[in-house]
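What follows is calculated from the coordinates using simple rules that are stated; it is not laboratory data. This structure is a prediction, so every number in the text was calculated from the model and none was measured. Backbone-built Cβ (ideal geometry, glycine too); neighbour counts: all protein chains shown.
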Amino acid sequence: MFYMVRKSFVLFILLFPLSHQLQAQKAPNFSLKGNTGQISLSSYKNKVVYVDFWASWCKPCRKSFPFMNEMQQRYASKGLQIIGINLDTDQSAAAAFLKKNPAKFTIAYDPEGKTPGMYKLKVMPTSYLIDRRGNLINVHRGFKEDQKHELEMLLKKALDKK
Amino acid sequence: MKSLLTLCIISISLSGCSFYNATGEAFTVENVEPWQRDILARDDMQLDPDVMRTFADEHIYFSKEASTGGRGVGGGGCGCN
Amino acid sequence: MKNIKNKLSIASCTLLGGVSHQAQAVENSWDLDSSFLYYDEADGRVSVKKAMAFLTGDLSAEDTVNVNLVLDTMSGATPTGAVRSKTSGVSSFTGASGASSTIDGGASVDRVNFSDTRLGIALTWSHSLDRLSTISYGGSLSVEKDYQSYGLSINYNQDTDDRLTTYSAGFASTYDIIYRKTDGTPEPLSNVQDNSIFSDGERYSYDLLVGVSKVLNRKTIGQLNYTMSYSDGYHTDPYKVISQSILVQDTDTGAYSWSEFQRYYESRPESRFRHAIFTSMAHQYGESGETIHAAYRFYTDDWGISSNTIDLNHRTPLSDISYIEPHFRYYQQSAADFFLHSIVDDSPTPELPEFASADYRLDEGVGLTLGLEYGTRISEGRFRVRAEYINWQYEEAEYNETKAIVLQVSYQKLFD
């Protein structure tokens, strides 16, 4: 008994901090103004969508931009769409950030912070991986350089599933 | 004076009471969502916004006054005049 | 079951991914912050030039290293603790910290010239244990001609899941070696003229910290710390003395002055137990984003000293890239139980207390600081310059006032 408890505890420790595999759960829809017009999650049917919440003042967010640019370019043909939801209340701060850190993926603006609550956002940045059927399949909190490989593996796995 | 200030800070942190600051803005203890931390992320909103200045000041006052401590632990001593 | 399998495959992928990418280059950026400080006391007392270099670098996504280098050059004339007397039976005297010569200013030597150089190196390695906790290990050393200090520290920070609260705990131990430039340490309360010298002094100190910082609202963060420190060993200042003297009245002018008979080396207890409660907060308000930093510390120890410190900074932006910041600090301390202006006794064999020091820093007193800082962005960094005036007033000490100015310029590289 004690052994089992300990074992599951170890499992928990191993799994918890990095990625959460979720039960089949529909990703909440949103419709926001973006750099390419109105951005709605529901319009990306049959695509793998990677939703990332970011803000100009968030330091690790900046580090995730080159990674997201790379992923968007590498997997666009396979059906990947990255959407960066900006949460700056001041849109000029977001614009200044994007000038310094150009995004090669879709940007949506949510200055009133309506979407993060729907996605139960706990940390900036957090990315949500949504499969082709609109199911939320992975939540990744924070961003560190050494997690790039792991995130790419998850993306590939989702893209391979038709 | 000292106990009043300490009490004030403790009560701010523990309860949800409201104050008004010098400009009449309400000061309320409230939850801050992760996406609402733009001001808190600013360099000048860090508890120690200038490490080199704090380091230098700590050394000056350590050398000239009988009290030390409070901010942290560690750091070397000196045979100060 | 399938779910667990999935989880396991992800876990192993994570682990493998972690291992195979361990060697992957992390954006390796080293940043150098530098600062120069000038401290100068009025009347040719202590003058210090301090150069600082703080180096920060990421070793990996989880590891950060800080290297702090400090070089102080100090000179001036510092009070010895002796009275300023018109007549003295004391003829010669060994100088203060790093003394090169003695003042020959008439009957009494109540100040002494010194010059010294101090090199301080501190190294900190911070390691993120997970998303919410960090542990850091520190080592420090400080060397001057008559003092060496070696320290080790460990600090742990734990954020709550919402990242609104951080709990901290820290422990440090320090080993100090204290001696005079020319010899060891004088026998406490021995007559200066006997020149009775003991070996080097040693002191071990242990510091403990527990603290919490908390986001109070969108514009306010607060902090509360408790620190405790116990030190054991040599606490005496090997250069400081105390006079045996009496006050005499001049028969012609009616003015009082000290007449010194003997001079003894000071003596302090062999241990010290200190406590401090420190609270601070940062708050922003107003349209232009003014910030207030306020801090308060209560300190007490078993030498009978207790103190209150209030520190206030108010920053007003002048533009998007520059600011001006006035600084006010108030400090008030009570005297150590064994502080004495002098041993007032005219007998040839006076009765000496167990501990006695005439060091003004152990007297009851008040310190006031007024300062002004200007900061602006220059290309990729921040430039700051500040000027401060400090005034300390003491109750009984022979030198009952210290006036000092501080000038500091700093350049700090910014990440964005």
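Annotations for the structure displayed:
- Over the C-alpha atoms of the stretch C:145-222, the Rg to Rh ratio, Rh being the Kirkwood estimate, stands at 1.34.
- Order of C:I177, A:I39, C:I324 under a 10 Å beta carbon neighbour criterion, fewest first: C:I324, C:I177, A:I39
- Pairs of lysine residues in chain C that meet both criteria, 8 or more places apart or on different chains and Cα atoms under 22 Å apart, total 12.
- When the charge dipole of chain C is built from unit charges on Cβ atoms (+1 for Lys and Arg, -1 for Asp and Glu) and taken about the Cα centre, the candidate among C:S307, C:G381, C:F278 whose Cα reaches farthest toward its positive end is C:G381.
- C:Y234, B:Y61, C:Y239 arranged by Cβ crowding within 10 Å, fewest neighbours leading: B:Y61, C:Y234, C:Y239
- Anisotropy class of the stretch C:233-301 from Cα gyration tensor, a/c 1.5 cut: oblate
- Estimated [θ] at 222 nm from DSSP helical runs (n ≥ 4, -39500 (n - 2.57)) normalised by residues in chain A, nearest 500: -11000 deg cm²/dmol
- Distance in nm between pseudo-label sites at C:I135 and C:Y374 (7 Å out along the Cβ direction from Cα): 4.7
- Loop-located GluC sites (Glu not before Pro) in the stretch C:337-407 (DSSP state other than H, G, I, E, B) with a sparse environment of at most 13 neighbouring Cβ atoms within 10 Å: C:E351, C:E354, C:E380.
- The long axis of helix A:2-15 is offset from the longest Cα principal axis of chain A by roughly 20 degrees.
- Degrees separating the helix C:2-20 axis from the principal Cα axis of chain C, which is the longest one: 50
- Sorted peptide list for C:184-193, C:220-229, criterion being average Cβ within 10 angstrom, highest first: C:220-229, C:184-193
- Counting only DSSP beta bridges whose two residues both lie in chain A, roughly 60 percent are antiparallel.
- Spin-label pair A:K104/C:E395, simplified geometry with 7 Å Cα→Cβ offset, distance in nm: 7.3
- Each label was represented as a point 7 Å from its Cα along the Cα-to-Cβ direction; for B:E30 and C:S29 these points are 3.4 nm apart.
- Taken over chain A, the convex hull of the Cα atoms encloses 125 Å³ per residue.
- Globularity ratio of chain C, using Cα Rg and 2.2 N^0.38 Å: 1.21
- Filtered GluC sites (Glu not before Pro), the stretch A:111-162: DSSP coil and at most 13 other beta carbons within 10 Å: A:E112
- Rounded to the nearest 10 degrees, the angle from helix A:148-160 to the longest Cα principal axis of chain A is 90 degrees.
- Distant-in-sequence amide H partners of A:G34 (H built 1.01 Å from N, under 5 Å): A:I39, A:Y109
- Sites C:Y226 and C:T253, calculated FRET efficiency, Cβ-Cβ separation with R0 41 Å, nearest 0.05: 0.15
- Overall, the stretch C:318-416 carries a charge dipole of about 1040 debye about its Cα centre when +1 sits on the Cβ of Lys and Arg and -1 on the Cβ of Asp and Glu, all other atoms neutral.
- The helix-only estimate of mean residue ellipticity at 222 nm for chain C, built from DSSP H runs of length n ≥ 4 each weighted as -39500 (n - 2.57), is -1500 deg cm²/dmol after division by the residue total.
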